[in-house]
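**Student:** Shown below is the structure under consideration.
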Amino acid sequence: MTTPPPDAMPRTQEALYEHAIAAYGTAIHRVARAYEADPDTREDLHQDIHLALWRSFAGFDARCSLRTWVYRVAHNVATTHVIRHRRTRARFVGLDELALPASRSDVEGDAHRTLMVERLHLLIQHLRPLDRQLLLLYLDDCDAKAMSEITGLSAGHVATKIGRIKQFLARTHQTGAPHVR
């Protein structure tokens, strides 16, 4: 969904928030899931993002697109969450615990796909916050220019980092290496 022109943009904080949630609510949910593995803590993060987004619209002046604003707020809150909670987390599931069996039947196909998605989420959760943000934006079909606006990096730097992240994920997936970024 694209952001309406500034003259068609809702003007009140509440209207902006409702419009943003209608347009980008699922993306916010994906950000929370990618940044937090624990379902209860993920829900707290999700609520923190919504609160921060609502508060942020008090100062929204439409100098950037609504999409850019929503992603910036969501990723900033999620990154702060990761940094704040990094010290308190004692256990991460190791990548070797997610190793898939060598053979599977067609009946197990759905379970295999579900496990692969969960493994991808685990790998994403172990990336550095900026790499995580870039990968999530990439998975949400943002182009390098949009990612550049959201992150403040140049479009060329974004493209280079996305390529390196994809290579890292492919290597990690193939080898099951426990070393994450």
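**Student:** Hey, can you rank 45-52, 127-134, 70-77, 161-168 by average C-beta count inside 10 Å, highest first?
**Tutor:** The packing order, highest mean first, is 70-77, 127-134, 45-52, 161-168.
**Student:** Still on this model: Within 10 Å, count the other beta carbons around each residue, average over each peptide in 56-63, 28-35, 151-158, and list them highest first.
**Tutor:** 28-35, 151-158, 56-63
**Student:** Could I have the simple spin-label model distance between Glu118 and Lys145, label points 7 Å from Cα toward Cβ, reported in nm to one decimal?
**Tutor:** In this crude spin-label approximation the distance works out to 4.1 nm.
**Student:** Under 5 Å between amide H atoms, partner at least 5 residues away or on a different chain: which partners does Ala62 have, H built in plane at 1.01 Å?
**Tutor:** none
Any read-out appearing in this document is the output of simple, stated calculations on the displayed coordinates, not a laboratory observation. Keep in mind it's a predicted model, so treat the numbers as computed, not measured. Ideal geometry is used to build each Cβ from the backbone, glycine not excepted, and the neighbour counts take in all protein chains shown.
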